[in-house]
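The values are calculated or read from the model by the stated rules, or taken from the named source; none is laboratory data. The model shown is predicted, which means the values in this text are computed figures rather than measured ones. Cβ sites come from the backbone with ideal geometry, for glycine too, and all protein chains shown count toward neighbours. SASA here: full protein model, heavy atoms, side chains in, ligands and nucleic acids out. Shrake-Rupley method; radii C 1.70, N 1.55, O 1.52, S 1.80 Å.
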Amino acid sequence: MATVFNDILFPPNQTLLRPSLHFPTSLFTSPPRKFPRSRPNPTFRCSIAKESTASPPITRDSVPVDCVVVGGGISGLCIAQALSTKHANSNVVVTEARDRVGGNITTLERDGYLWEEGPNSFQPSDPMLTMVVDSGLKDELVLGDPNAPRFVLWNGKLRPVPGKPSDLPFFDLMSLGGKIRAGFGALGIRPPPPGHEESVEEFVRRNLGDEVFERLIEPFCSGVYAGDPSKLSMKAAFSKVWKLEKNGGSIIGGTFKAIQERNAASKPPRDPRLPKPKGQTVGSFRKGLTMLPEAISSRLGNKVKLSWKLISISKLESGEYSLMYETPEGVVSLQCKTVVLTIPSHVASTLLRPLSAAAADALSKFYYPPVAAVSISYPKEAIRSECLIDGELKGFGQLHPRTQGVETLGTIYSSSLFPNRAPPGRVLLLNYIGGATNTGILQKTDSELVEAVDRDLRKMLINPNAQDPFVLGVRLWPQAIPQFLIGHLDLLDVAKGSLRNTGFEGLFLGGNYVSGVALGRCVEGAYEAAAEVNDYLTNRVYK
């Protein structure tokens with residue numbers, strides 16, 4: 001039973017309540033409102049037409065690059081670094097339309113505060129830690145306290161979520177009947193799977209009962225995806241938990257089978273360079289998440305091209321690709337053997353329509369709801385006494401089910417989670433509001449968003465008569481997190497298959513709508529994408 005709840009509450013790579021509240025990345029995907037052969041000195045074929053965008057490009061005799069990664073967010077940068085570190089292929093270029101790397105990882109610093117306005121932390125899995133070490137940031141890594149509590153609002157009270165197996169019998173977020181129902185369901189005493197793709201809500205209610213869904217999984221979905229669990233696909237959004245039942249006949253049966261298979265399988269020794277985090281925790285860096293993309297970009301050097309906006313992709317008779325860009329120097333044509341698009345699906349859809357209408361149509365159907373990140377600060381004395389532990393606000397943060405009469409999705413205790421996030425005597429809170437069930441935030445002003453968050457916090461965390469909060473930032477992301485809705489994997493298969501079947505092999509799709517929305521999954525997906533590119537180059541281009 002303990003394993004079941006840990007897998008459901010803290011599934012691998014879903015890191016808002018595993019174990020903090022955390023919106024993943026490259027997640028916020030729209031601008032805010034307000035290999036086999038190593039070449040030490042790669043050259044690439046490009047052309048520039050400065051006078052007129054209609055002018056033919058100037059052809060230069062040089063070798064095309066092996067890979068162009070379109071998008072300088074965390075997915076794109078990590079793909080480029082993985083190609084270099086794991087596959088000894090430095091013949092790669094990363095292009096980014098904005099004037100900075102990192103996508104929507106946004107760390108700001110002012111008046112003694114350090115805060116995030118996009119994703120805020122990551123699960124320190126081995127792939128993530130490998131990327132950290134390879135980027136030279138091992139000594140800059142900071143980890144949260146694995147024993148810090150996490151809370152869910154229920155019936156007007158912030159109630160702790162079980163953090164370890166021994167907590168399960170005693171936590172008051174669920175009734176005794178709800179716990180028994182969940183236990184029997186996890187053992188397989190529940191209705192059989194239906195003959196269709198289940199939503200998260202259908203899967204959890206059937207397997208674990210209403211209370212687990214309403215009090216744990218629904219707020220978790222709001223936190224990870226800012227999504228509607230009645231529409232999210234269990235298979236796509238929480239595939240590891242979905243596979244437990246599929247492979248083992250029940251969640252517990254699948255868990256035991258997975259443990260047996262893992263113990264029986266031989267695995268290489270763990271990289272001795274990697275840190276060893278204790279318990280279920282989350283990580284960041286001394287000066288915030290922006291340190292990671294900046295460190296990778298610094299290592300890649302002039303292979304990263306900023307303010308390069310891709311305007312078209314074409315395939316040449318040679319089998320290579322030609323990419324046309326608008327750049328500060330004029331229109332540039334870049335030639336390459338493979339392309340990885342890590343841009344949002346709706347942007348990729350527009351670029352791919354001249355190549356494959358079917359792929360473009362599939363990519364256009366992915367939905368990204370709006371989310372706002374509201375960063376505010378209160379004096380420590382503004383925290384309700386019943387929310388303090390040893391006189392301090394301790395914990396990762398809190399989640400709010402949609403049934404509890406608050407608009408805010410969740411709140412992260414930023415100044416409790418990592419050091420040096422706020423001045424002495426102040427508490428820094430990062431709040432997320434909006435999502436698939438509250439798109440009306442698009443019509444609200446920044447002041448109205450702050451008022452909504454402050455009003456919610458005064459219902460459970462902040463004293464009602466406390467002074468107004470100090471507002472650090474309000475960042476509205478109109479198209480934030482891709483929703484892994486029912487049919488998501490089918491649409492993705494259509495897009496990939498259409499490109500492959502119409503002769504566009506070597507053109508790969510990447511990013512968070514492919515890999516998963518958590519920052520850790522974006523990094524793991526980057527290693528997977530780099531391996532796919534390397535395999536193509538090895539077996540198709542350089543064989």
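Is it the case that Ser199 is hydroxyl-bearing (Ser, Thr, Tyr), at pLDDT 95 or above, more than 19 Å from Thr255 (Cα to Cα) and within 19 Å of the chain's Cα centre (by Cα)?
no
So, restricting to helices (runs of 4 or more DSSP H) that lie completely within the range 116-212, which ones have at least 2 residues that are under 28 Å from Ile481 (Cα atoms)?
126-134, 200-208
Quick check on my filter: what residues within the range 133-168 are among the hydrophobic types (A, V, I, L, M, F, W, C), in contact with a Phe, Trp or Tyr (Cβ under 8 Å, 6 or more places away or on another chain) and either at pLDDT below 95 or assigned by the TED database to the domain that holds Leu399 (or both)?
Just the residues of the range 133-168 that are among the hydrophobic types (A, V, I, L, M, F, W, C), to begin with: 133, 137, 141-143, 148, 151-154, 158, 161, 168.
Filter once more, so that each one left must be in contact with a Phe, Trp or Tyr (Cβ under 8 Å, 6 or more places away or on another chain): 137, 141-142, 148, 158, 161, 168.
Passing the criteria: Leu137, Leu141, Val142, Ala148, Val161, Leu168.
Given the criteria assigned to a strand (DSSP E or B) and within 25 Å of the chain's Cα centre (by Cα), does Leu363 qualify?
No, not satisfied.
Might you let me know whether the range 161-173 holds any residue that is out of contact with any strand residue (DSSP E or B) (no Cβ under 8 Å at 6 or more places or on another chain) and either within 16 Å of Thr403 (Cβ to Cβ) or among the aromatic types (Phe, Trp, Tyr) (or both)?
Taking every residue of the range 161-173 in turn, at least one turns out to be out of contact with any strand residue (DSSP E or B) (no Cβ under 8 Å at 6 or more places or on another chain) and either within 16 Å of Thr403 (Cβ to Cβ) or among the aromatic types (Phe, Trp, Tyr) (or both).
Within the range 266-284, can one find any residue that is hydrophobic (A, V, I, L, M, F, W, C) and either within 22 Å of Glu532 (Cβ to Cβ) or in a strand (DSSP E or B) (or both)? Talk me through it step by step, then tell me what you get.
Our first condition is that a residue be hydrophobic (A, V, I, L, M, F, W, C); within the range 266-284, this holds for 274, 282.
Narrowing further to those that are either within 22 Å of Glu532 (Cβ to Cβ) or in a strand (DSSP E or B) (or both): none.
No, because not a single residue in the range 266-284 is hydrophobic (A, V, I, L, M, F, W, C) and either within 22 Å of Glu532 (Cβ to Cβ) or in a strand (DSSP E or B) (or both).
Among the residues of the range 313-357, count how many are part of a strand (DSSP E or B), in contact with a helix residue (DSSP H, G or I) (Cβ under 8 Å, 6 or more places away or on another chain) and open to solvent by less than 30 Å² (accessible area, probe 1.4 Å).
4
If a residue has to be of a type outside the set (S, T, N, Q), farther than 17 Å from Gly71 by Cα and out of contact with any Ser or Thr (no Cβ under 6 Å at 6 or more places or on another chain) to count, how many in the range 301-325 make the cut? Lay out the reasoning, then the answer.
Step one: list which residues in the range 301-325 are of a type outside the set (S, T, N, Q), which gives 301, 303-306, 308-311, 313, 315-317, 319-321, 323-325.
Next, only the ones that are farther than 17 Å from Gly71 by Cα stay: 315-317, 319-320.
With the extra rule that they be out of contact with any Ser or Thr (no Cβ under 6 Å at 6 or more places or on another chain), the set shrinks to 315, 317, 319-320.
So the answer is 4.
Across the range 463-483, which residue is surrounded by the fewest Cβ atoms within 10 Å (Cβ to Cβ) among those that are within 25 Å of the chain's Cα centre (by Cα) and of a type in the set (A, V, I, L, M, F, W, C)?
Going through the qualifying residues, I end up with Leu472.
Go through the range 202-231 and give me each residue that's closer than 19 Å to Gly516 by Cβ, β-branched (Val, Ile, Thr) and at pLDDT 95 or above.
Scanning the range 202-231 gives Val204, Ile217.
List pairs: first residue in the range 475-491 and among the β-branched types (Val, Ile, Thr), second residue open to solvent by 20 Å² or more (accessible area, probe 1.4 Å) anywhere in the structure, Cβ distance under 7 angstrom, at least six positions apart or on different chains.
Here the result reads Ile486/Glu197; Ile486/Lys231, each pair linking the range 475-491 to a residue that is open to solvent by 20 Å² or more (accessible area, probe 1.4 Å).
State whether the residues of the range 293-312 include one that is open to solvent by less than 10 Å² (accessible area, probe 1.4 Å) and not in a strand (DSSP E or B).
So far as the range 293-312 goes, yes, one or more of its residues are open to solvent by less than 10 Å² (accessible area, probe 1.4 Å) and not in a strand (DSSP E or B).
Quick check on the range 502-511. Is at least one of its residues part of a helix (DSSP H, G or I) and over 15 Å from the mean Cα position of the chain (by Cα)?
So far as the range 502-511 goes, no, none of its residues is part of a helix (DSSP H, G or I) and over 15 Å from the mean Cα position of the chain (by Cα).
For the range 186-232: of the residues being surrounded by fewer than 24 Cβ atoms within 10 Å (Cβ to Cβ) and among the hydroxyl-bearing types (Ser, Thr, Tyr), which is nearest to Leu492 (Cα to Cα)?
Ser199
Against the conditions (1) assigned by the TED database to the domain that holds Leu461; (2) in a strand (DSSP E or B); (3) buried (at least 20 other Cβ atoms within 10 Å of the Cβ), where does Thr95 fall short? Just the number, please.
(1)
Can you tell me which residue in the range 512-543 is nearest to the chain's Cα centre (by Cα), limited to those that are surrounded by fewer than 20 Cβ atoms within 10 Å (Cβ to Cβ) and among the charged types (D, E, K, R)?
Checking each candidate, the answer is Glu528.
Restricting to the range 398-434, name every residue that is open to solvent by 30 Å² or more (accessible area, probe 1.4 Å) and within 26 Å of Asp111 (Cβ to Cβ).
Ser415, Ser416, Pro419, Asn420, Pro423, Pro424, Gly425, Arg426
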